[in-house]
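Enquirer: Before I ask anything, let me first share the structure, which is written out below as structure tokens.
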Amino acid sequence: MSASTTTEVIHITDVAPRDGLQNQQVRTDTAFKLKLIQMLAEAGVGSVEIGAFVSPKAVPQMADTAEVVKSINDLLPDVRTSVLVPNLKGLELARNAGAREIAVVLSATETMNRKNINMSLQQALEASVATLQAASAGGMRTRAYVAVAFDCPFEGETPTDTVVALARQMKEAGAQEVVIADTIGSASPGMVKERLKALAQAVPLAELAVHFHDTRGMGAANAWAALEAGVRRFDASVGGIGGCPFAPGAAGNLATEDLVLMAERSGFRTGIQLDKLLSAIDVAEAALQRPLGGRSIAWLRRQRERTPA
Ligand code: HMG
Ligand code: MG
């Protein structure tokens with residue numbers, strides 16, 4: 001069936017509270033994070049990445065993740081939330097805080113792992129496998145990012161075979177979702193099509209997710225290529241905020257509002273209400289003190305002005 005004639009559901013994980021806030025100039029407090037996560041849940045976002053258990057020296061913006069997890073478990077016990085953890089230490093902290101789902105982060109090149117988590121590719125692979133296995137044994141849900149899955153800011157184009165081999169190892173280690181990440185937003189729809197075709201041989205499409213950054217304005221086109229390839233799990237970030245602090249040139253993520261607009265206008269159901277996403281963007285703009293929003297933000301706001309609630 002063509003993607004344009006379907007009424008299927010797609011699943012969106014909003015990563016703004018983690019990917020979006022980890023690299024902001026303006027430091028936001030825990031109260032703002034809780035408000036943002038609540039507004040995303042109210043908008044109908046089914047899954048939210050709410051923080052990271054990483055070194056507070058490396059990423060001070062994530063230092064309050066334990067507090068965020070504990071509060072959100074009380075405030076939103078039924079919303080699916082996850083946290084990024086790079087190693088067993090992070091898993092221990094996540095478990096102590098009451099996290100129910102974790103995501104490990106494995107980059108597909110030697111240099112990116114060293115810059116991001118101070119490990120070689122082999123060490124990062126071993127840490128990811130050990131963390132996934134321990135998390136699964138403890139009854140947690142698990143995701144595994146394969147970062148720089150298209151291009152690496154340090155090593156250039158990443159070989160497809162490497163990405164496929166690492167994705168397979170993440171699946172074999174128990175990852176319930178393998179997230180193919182375009183860290184610096186350099187992919188194009190043709191590359192997405194080609195890589196997903198190869199990846200589908202290693203990981204069932206239903207267990208693959210994609211995570212696009214929008215550096216070159218191709219996030220939505222890439223998401224469409226993934227939809228046509230059969231992927232139904234997407235990461236996106238409300239307002240388009242995001243970027244890895246250790247990947248030079250990484251810009252914001254594909255905006256959740258752009259993905260929702262594109263998917264809903266094409267017959268897919270996301271369960272997400274755009275007017276409520278806009279309210280979340282308003283709140284985030286005030287906190288971050290700068291204009292936010294994806295490619296569709298000006299049009300979406302004009303629509304809101306014409307049809308006030
Ligand atoms: P390290 O310095 O090599 O670690 O950092 P270490 O094992 O030598 O430990 C150093 C200190 O950190 C020790 O504390 C550890 O206990 C502590 P000390 O004895 O000095 O007081 N430590 C931790 N603390 C909190 N949480 C932990 C943890 N582990 C050790 N998990 C480490 C290694 C991985 C910790 C560090 O390099 C780090 O935190 N890096 C940050 C990585 C990060 O957050 N990157 C951004 C997210 S990834 C991303 O954005 C990409 C993604 O969006 C997908 C895409 O777009 O491609 C996911
Ligand atoms: Mg990212």
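The values are calculated or read from the model by the stated rules, or taken from the named source; none is laboratory data. Note that the coordinates shown come from a computational prediction; the quantities given were computed from them, not determined experimentally. Virtual Cβ from ideal backbone geometry, glycine too; neighbours counted across all protein chains shown. The area values use the complete protein model at the heavy-atom level, side chains included, leaving out ligands, DNA and RNA. Shrake-Rupley method; radii C 1.70, N 1.55, O 1.52, S 1.80 Å.
Enquirer: Hey, Gln169 hits all of (1) within 16 Å of ligand 1 (Cβ to nearest atom); (2) open to solvent by 50 Å² or more (accessible area, probe 1.4 Å); (3) in contact with a helix residue (DSSP H, G or I) (Cβ under 9 Å, 6 or more places away or on another chain) but one; which does it fall short on?
Expert: (1)
Enquirer: Sticking with this one: Can you pull out every residue in the stretch 1-35 that is open to solvent by 50 Å² or more (accessible area, probe 1.4 Å) and at pLDDT below 95?
Expert: Matches in the stretch 1-35: Met1, Ser2, Ser4, Thr5, Thr7, Glu8, Asn23, Gln25, Arg27.
Enquirer: Okay, moving on. Give me the pairs: first residue in the stretch 151-163 and more than 14 Å from Ser186 (Cα to Cα), second residue of a type in the set (Ser, Thr, Tyr), beta-carbon distance under 9 Å, and six or more apart or on different chains, which are they?
Expert: Partner pairs satisfying both residue conditions: Thr162/Thr109.
Enquirer: In the stretch 250-275, how many residues are crowded, with 17+ Cβ neighbours inside 10 Å and in a helix (DSSP H, G or I)?
Expert: 9
Enquirer: Just for the stretch 191-206: of the residues that are open to solvent by less than 50 Å² (accessible area, probe 1.4 Å) and assigned to a helix (DSSP H, G or I), which one is farthest from ligand 1 (Cβ to nearest atom)?
Expert: Once the filter is applied, the top-ranked residue is Ala198.
Enquirer: Mind checking which residues of the stretch 36-64 are in a loop (DSSP other than H, G, I, E, B), charged (D, E, K, R) and open to solvent by 30 Å² or more (accessible area, probe 1.4 Å)?
Expert: Lys57
Enquirer: Right, another one. With respect to Ala175, determine if the residue is open to solvent by less than 10 Å² (accessible area, probe 1.4 Å), away from ligand 2 (no atom under 16 Å from the Cβ), more than 26 Å from Ala251 (Cα to Cα) and assigned to a loop (DSSP other than H, G, I, E, B).
Expert: Taking the combined requirement at face value, the residue satisfies it.
Enquirer: Does Thr131 satisfy being in a helix (DSSP H, G or I), within 11 Å of ligand 1 (Cβ to nearest atom) and under 28 Å from Thr160 (Cα atoms)?
Expert: yes
Enquirer: A follow-up question, please. Which of the residues belonging to the stretch 178-190 are over 15 Å from Arg141 (Cβ atoms) and either in contact with a Cys (Cβ under 7 Å, 6 or more places away or on another chain) or open to solvent by less than 40 Å² (accessible area, probe 1.4 Å) (or both)?
Expert: Answer for the stretch 178-190, where residues must be over 15 Å from Arg141 (Cβ atoms) and either in contact with a Cys (Cβ under 7 Å, 6 or more places away or on another chain) or open to solvent by less than 40 Å² (accessible area, probe 1.4 Å) (or both): Ile180, Ala181, Asp182, Thr183, Ile184, Gly185, Ser186, Ala187, Ser188.
Enquirer: Now a separate question. Mind telling me which of the residues Ala229, Ala225, Ala198, Ala251 ends up being within 16 Å of ligand 2 (Cβ to nearest atom) and under 28 Å from Glu155 (Cα atoms)?
Expert: Ala251
Enquirer: Okay, next question. Just checking: which of the helices (runs of 4 or more DSSP H) contained wholly in the stretch 65-126 hold 1 or more residues that are open to solvent by 30 Å² or more (accessible area, probe 1.4 Å) and touching a residue at least 60 places away in the same chain (Cβ under 8 Å)?
Expert: Ranges flagged: 110-117.
Enquirer: Could you grab me the full set of residues in the stretch 27-61 that are closer than 18 Å to Val238 by Cα and within 16 Å of ligand 2 (Cβ to nearest atom)?
Expert: Ser47, Val48, Glu49, Ile50, Gly51, Ala52, Gln61
Enquirer: Sticking with this one: Would you confirm whether any residue within the stretch 286-296 is in a helix (DSSP H, G or I) and over 26 Å from Leu21 (Cα atoms)?
Expert: The answer is no; no qualifying residue exists.
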